[in-house]
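Asks: The following block contains the structure, expressed as structure tokens.
Just so you know, all these numbers are worked out from the coordinates, no wet-lab data involved. The structure presented is a predicted model; accordingly, all values stated were derived computationally and were not measured. Positions of Cβ are backbone-derived with ideal geometry, glycine not excepted, and every protein chain shown enters the neighbour counts.
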Amino acid sequence: MRVALFATCLVDTVVPQVAMATARLLERLGHEVVVPPGQACCGQVHVNTGYRREAVPVVANHVRAFAGARRAGVEAVVAPSGSCVASIRHQQAAVLRRAGEHGLAAEAEALAGRTYELSQFLVDVLGVTDVGACYPHRVTYHPTCHSLRLLRVGDRPLRLLRAVRGLELVELPRAEQCCGFGGTFAVKNADTSTAMLTDKMADVLSTRAEVCTAGDASCLLHIGGGLSRLRSGTRTVHLAEILASTGDTVSPGQGTAPAVPA
Amino acid sequence: MSAVFLGLPTAPAGVGHLRGDRPFPAAARDALRDGQLRANLGRATATIRAKRAAVVGEVPDWEALRQAGAGVKRATLARLDEHLLELEARVTERGGTVHWARDAAEANAVVTGLVRATGAGEVVKVKSMATQEIGLNEALAAAGVTAHETDLAELIVQLGEDTPSHILVPAIHRNRAEIREVFARTMPQFAGPGDAGDLTDDPRRLAMAARAHLRERFLRAKVAISGANFAVAETGTLAVVESEGNGRMCLTLPDTLITVMGIEKLVPTWRDLEVFLQLLPRSSTGERMNPYTSLWTGVTPGDGPQEFHLVLLDNGRTAVLADEVGREALHCIRCSACLNVCPVYERTGGHAYGSVYPGPIGAVLSPQLTGVEDNASLPYASSLCGACYDACPVAIDIPSILVHLRGEHVEAVARERRRPTPEALAFRALARVMSHPRLWRAAQRAAGLGRFLARGRPTLPAALPPPASAWTRTRDLPAPPARSFVQQWTREHGA
């Protein structure tokens with residue numbers, strides 16, 4: 001299958017190894033990956049902060065970038081983020097329609113129907129749970145709010161993780177509690193956000209896991225940023241990185257090391 | 001753009017309790033410093049959450065029931081004017097008197113006038129959010145009338161000269177040791193055998209002390225004031241559901257009963273009521289059925305209050321109804337399930353919201369009742385985690401309304417200010433960059449230079465200027481990579 005990869009603005013700019021892992025994983029499973037060069041951002045950060053008018057050109061850019069890929073024979077768009085896919089599915093068309101961009105809104109809707117969060121794509125579209133990964137570490141999984149409640153990914157990530165060789169999966173207590181990221185919430189309400197993060201970190205550390213994983217780089221940046229400040233030794237690694245691992249490469253861990261040496 | 005009619009009045013300032021005196025982040029900061037508060041809230045919300053989850057989980061058609069509740073509310077609000085007139089006609093037929101109050105000030109004036117006309121110097125009150133909203137106790141006090149709260153938790157709040165912090169459990173921020181202290185100080189005569197020093201923090205001892213204190217007031221009161229959970233338009237029947245039975249004392253013993261009810265509380269028929277009497281107790285107290293359901297229709301000669309007044313309160317509700325997205329907030333049946341599951345509420349408590357309606361529903365209701373500019377920080381007091389929507393028994397999409405109100409706020413600020421805010425400028429610039437791939441690549445390369453700030457370390461320094469400092473005060477930021485993913489990919493695969 002020819003698959004377009006939407007890296008998301010955050011992964012593309014801050015943790016490119018997550019998108020690279022997603023691409024490697026899909027290629028290993030026998031699919032052709034294309035990366036539309038015009039991609040930037042889904043527009044969620046604008047919409048959720050209240051800048052819905054400013055979001056219009058950002059959303060339009062996204063739709064145009066991936067509509068082109070669709071014409072080039074791409075059957076699905078995959079992103080390593082529950083939150084961005086939720087925005088594509090539930091916000092983009094409405095933002096465009098509100099601005100009177102009805103043609104583009106229809107295109108956005110068609111695109112939304114073919115856009116998948118990574119674990120949904122693997123389990124529902126490709127029908128695989130064992131992706132041939134090997135990751136010999138003690139891992140706990142944090143279900144991010146938007147993949148849990150907007151996309152309803154359910155236990156798909158856990159099924160994928162259970163099939164990874166060498167991986168010891170430990171249950172995260174109070175897993176469904178938000179980590180406190182929430183986009184601009186983390187800055188506008190930094191104290192409350194930090195209080196939520198503190199409890200999440202306590203739960204992560206109580207598992208004695210080496211690695212906390214999730215399907216969203218944004219939430220991992222938050223949890224990982226806190227764990228790194230605590231010098232806790234527990235690191236955050238995106239689900240895509242674990243699934244891409246075959247045991248012969250060591251993941252540096254998101255948030256604690258630059259992906260590409262300076 | 002949808003057309004917006006700007007003529008509908010919002011709740012007036014200077015009366016009632018819908019506005020805080022500080023923005024949410026500042027008020028939250030103080031609350032977060034209170035370790036006792038966080039422990040009390042964490043324990044209490046976890047308990048209610050578990051109870052609710054258990055009793056909701058045992059209803060096989062909960063989702064259908066929930067959608068039925070949402071459907072009834074939607075249909076009712078679509079013809080609210082007709083249903084209200086029907087309610088007025090039926091209540092009047094049965095010997096009650098209906099008063100229409102445009103806002104808090106009018107409602108307070110009506111109730112105060114009615115109480116004065118009876119010559120009573122005190123009233124007993126059933127727990128009611130509407131009367132909290134309009135600040136009725138203060139209005140009565142100004143007119144020389146003492147209002148006694150009779151709900152146990154409201155009594156704790158009133159005796160402690162505190163304010164409620166939860167819709168259903170107003171004293172949720174207090175533990176039993178603190179409650180014992182309030183009782184021992186304010187009603188030592190009811191502390192039981194011996195003096196107040198003997199009062200323990202055993203819940204039963206505390207409840208018995210409150211019972212003795214309240215019993216006196218029930219037997220002496222000539223006037224009661226209540227809110228209403230529901231009103232059935234087809235028969236003019238009012239409904240109050242409760243756990244303690246203190247509400248029923250108020251509703252049955254005094255000569256005069258005055259009920260203050262928001263106009264969105266009615267349901268057209270008894271069949272509709274059935275849906276909500278299933279949804280409410282499971283969502284609020286985590287019970288299959290609430291212990292007391294009191295229903296009354298007008299006046300029954302020789303039985304119960306012989307004078308009944310119904311005050312129908314708008315106070316900004318019609319303005320909420322005019323907003324196509326926001327009007328869903330009027331579906332709320334005040335169960336407080338959204339408060340109990342909210343990770344923000346659990347950390348900050350209710351006082352930080354500044355309004356009598358705290359938590360997720362408060363964050364969408366208060367700014368709409370007052371106009372978003374008077375509660376501008378509330379729509380942002382959420383991480384948009386979505387737990388509130390899942391828990392809501394009438395399927396109010398609170399996260400979507402929060403996002404909508406953020407949009408309304410940003411656009412209102414843009415209309416009012418000659419110069420855009422720094423934040424608006426930043427988002428405009430970001431939008432421009434993110435909609436032009438070439439600019440976006442250039443911006444990413446510039447961001448990549450930030451890695452030099454890290455001087456070879458994996459994370460950026462913690463001392464960054466604002467607004468980045470709001471993040472880095474408690475969280476590390478990774479040093480940006482030399483190349484973005486798309487750059488790396490293009491290098492490997494060609495453009």
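Asks: Quick one: putting +1 on the C-beta of Lys and Arg, -1 on the C-beta of Asp and Glu, what dipole do you get for the protein assembly as shown around its Cα centre, in Debye to the nearest 20?
Replies: 2640 debye
Asks: Kindly list the residues of the range B:117-148 that lie in the label zone of B:Gln306, defined by a backbone N under 15 Å from the point 7 Å along the Cα-to-C-beta vector.
Replies: It comes to B:118-119, nothing else.
Asks: Can I ask one more? Under a point-charge model restricted to the Cβ atoms of Lys and Arg (+1) and Asp and Glu (-1), what is the dipole moment magnitude of chain B relative to its Cα centre, in debye to the nearest 20?
Replies: 2580 debye
Asks: Now, a different point. May I ask for the angle, rounded to the nearest 10°, between helix B:104-118 and the longest principal axis of chain B, with both axes built from Cα atoms and the value confined to 0 to 90°?
Replies: Result, in degrees: 10.
Asks: Just report the Cα centroid separation between the range A:8-22 and the range B:386-434, whole Å.
Replies: Cα centroid of the range A:8-22 versus Cα centroid of the range B:386-434: 26 Å apart.
Asks: Relative to the longest principal Cα axis of chain B, at what angle does helix B:176-186 sit, 0 to 90 degrees, rounded to 10?
Replies: Relative to chain B, helix B:176-186 is tipped by roughly 50 degrees.
Asks: Additional query: Could you work out [θ]222 nm for the protein assembly as shown from helices alone, using -39500 (n - 2.57) per DSSP H run of at least four and dividing by all its residues? Round to the nearest 500 deg cm²/dmol.
Replies: The per-residue figure over the protein assembly as shown is -14500 deg cm²/dmol.
Asks: Shifting gears a bit: In whole Hz, what ³J(HN,Hα) sequence does the range B:40-53 give by Karplus (6.51, -1.76, 1.60; θ = phi - 60°), x for Gly and Pro?
Replies: Those phi angles translate into 4, 5, x, 5, 5, 5, 4, 5, 5, 4, 5, 4, 4, 4 Hz.
Asks: Moving to a separate point now. Can you tell me the dipole magnitude for chain A around its Cα centre, using point charges on the Cβ only (Lys, Arg +1; Asp, Glu -1), in Debye to the nearest 20?
Replies: About 300 debye.
Asks: Order the peptides B:351-362, B:22-33 from the highest to the lowest mean number of other Cβ atoms within 10 Å of their residues.
Replies: Peptide ranking by packing, descending: B:351-362, B:22-33.
Asks: Highest mean first, what order results for A:119-128, B:39-48, B:228-237 on Cβ atoms within 10 Å?
Replies: Highest-to-lowest ranking by the protection proxy: B:228-237, A:119-128, B:39-48.
Asks: Relative to the first principal axis of the alpha-carbon coordinates of chain B, what is the inclination of helix B:422-434, with its axis defined by its Cα atoms, in degrees from 0 to 90 and to the nearest 10?
Replies: 50 degrees
Asks: So for the range B:44-313, taking the charge dipole from beta-carbon charges (+1 Lys/Arg, -1 Asp/Glu), which of B:Ala171, B:Ala54, B:Leu206 sits furthest toward the positive end?
Replies: It is B:Ala54.
Asks: Follow-up question, since we're still on this one. Counting only C-alpha contacts under 8 Å and six or more residues apart, can you give the relative contact order of chain B as a whole percent?
Replies: 21 percent
Asks: Other chains near B:423-430: what is the mean number of their Cβ atoms within 10 Å of each residue's Cβ?
Replies: For peptide B:423-430, the averaged partner shielding equals 4.
Asks: Next question. Gap in Å between the Cα centre of the range A:109-186 and the Cα centre of the range B:73-152?
Replies: Their Cα centres are 51 Å away from one another.
Asks: Applying 1/(1 + (r/R0)^6) with R0 = 45 Å to the Cβ-Cβ distance of A:Ala72 and B:Arg74, what FRET efficiency is obtained, to the nearest 0.05?
Replies: Between A:Ala72 and B:Arg74 the formula returns 0.55.
Asks: Treat each spin label as a single point 7 Å out from the Cα along the C-beta direction, and report the B:Arg271 to B:Ala468 distance in nm.
Replies: So the label points at B:Arg271 and B:Ala468 sit 6.3 nm apart.
Asks: Over all distinct alpha-carbon pairs, what is the Kirkwood Rh of the protein assembly as shown in angstrom?
Replies: Details: mean 1/r = 0.0359 Å⁻¹.
Kirkwood radius, the protein assembly as shown: 27.8 Å.
Asks: Exceeding 30 Å between C-alpha atoms, which entries from my cross-link table qualify? They are A:Lys200/B:Lys127; A:Lys200/B:Lys73; B:Lys51/B:Lys73; A:Lys188/B:Lys73; A:Lys188/B:Lys265.
Replies: A:Lys200/B:Lys127; A:Lys200/B:Lys73; A:Lys188/B:Lys73; A:Lys188/B:Lys265
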